[in-house]
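The structure under discussion appears below in the form of structure tokens.
Where a number appears in this text, it was derived from the coordinates with a stated rule and is not lab data. Predicted model, so just to flag it, every value in this text is computed and none were measured. Cβ: placed from backbone, ideal geometry, glycine included. Neighbour counts: every protein chain shown.
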């Protein structure tokens, strides 16, 4: 498929042929996208949540009062779960929430996410993503010219320093290098903006896997 390339000032800058195997998938597998998003979010979880057991709470472990003769219910130590300040009966322990997902599924999810943006007309390719000065107002004006406000920008091998500084004060605008391209960030933003370098890097990334598979 062919797409028109623009400058950051929304002026015409030629056109570019996009690989249909990456950007032209017709039937989007939402189940694969969901699996990938769950995989990414699970890896981000710290898993450091914890509650104290009976043996860990800072209260006396001695018997509250004698067994009989008080007219009250029979109780043991104050650290029992039924008391305020007592330990949890089934306390929460730190754990790793991450799980495995096949590399082929991850690669397929990224292709489907890119195709979903292209198919919905929410993909924009620009010549390059650089700013002469780190001014938020200038970047906001350029994004408005492109017709985007909630956007992920993949700026190339490295993010321009001025662009990064200008974008960090604008809500709903993310700027990442090529290596940071991921399914979750693509889907959480309305539009996806790629530079020419980013498109070439994406094509090369999947071409390397195809060549390796054919060589095997």
Fluctuation leader among 18, 192, 33 - the chain, Gaussian network, Cα springs under 10 angstrom: 18
0 to 90° range, to nearest 10: angle between helix 30-44 axis and the chain longest Cα axis: 60
Listed residues 127, 96, 160, most fluctuating in the chain (Gaussian network, C-alpha, under 10 Å): 96
Segment 1-87: relative contact order in percent, alpha carbon pairs under 8 Å with at least 6 residues between: 18
Exposure proxy ranking, count of Cβ atoms within 10 Å, fewest first, for 23, 206: 206, 23
Ranked 56, 27, criterion: other C-beta atoms within 10 Å, fewest first: 27, 56
Crossing angle, helix 196-215 versus the chain [Cα axis fit, 0-90 degrees, rounded to tens]: 80
Per-residue Cβ neighbour rank within 10 angstrom, fewest leading, 74, 205: 74, 205
CD proxy at 222 nm, helix term only [per DSSP H run n ≥ 4: -39500 (n - 2.57); per residue of the chain; nearest 500]: -11500 deg cm²/dmol
Estimated inter-spin distance, residue 75 and residue 104, nm [label 7 Å along Cα→Cβ]: 6.1
Residue 188 paired with residue 157, simple spin-label distance in nm, labels 7 Å along Cα-to-beta-carbon: 2.8
Nearest-ten-degree value, helix 103-119 long axis tilted from longest Cα axis of the chain: 60
Distance in nm between pseudo-label sites at residue 144 and residue 97 (7 Å out along the Cβ direction from Cα): 3.8
Among (i) 1.27; (ii) 0.95; (iii) 0.97, the entry that matches Rg/Rh (Cα atoms, Kirkwood Rh) as calculated here: (i)
Antiparallel bridges, percent of DSSP beta bridges restricted to the chain (to nearest 5): 25
Relative contact order, percent, the chain [alpha-carbon distance under 8 Å, six or more residues apart]: 22
Using a Förster distance of 41 Å, the FRET efficiency for residue 41-residue 68 (Cβ separation, nearest 0.05): 0.15
Extension gain from residue 10 to residue 172, taking 0.36 nm per residue of separation minus the Cα-Cα distance: 56.4 nm
Gaussian network model of the chain, springs between alpha carbon atoms under 10 Å - residue of 171, 132, 81 with greatest fluctuation: 81
Distance between segment 94-156 and segment 1-62 - C-alpha centres, whole angstrom: 11
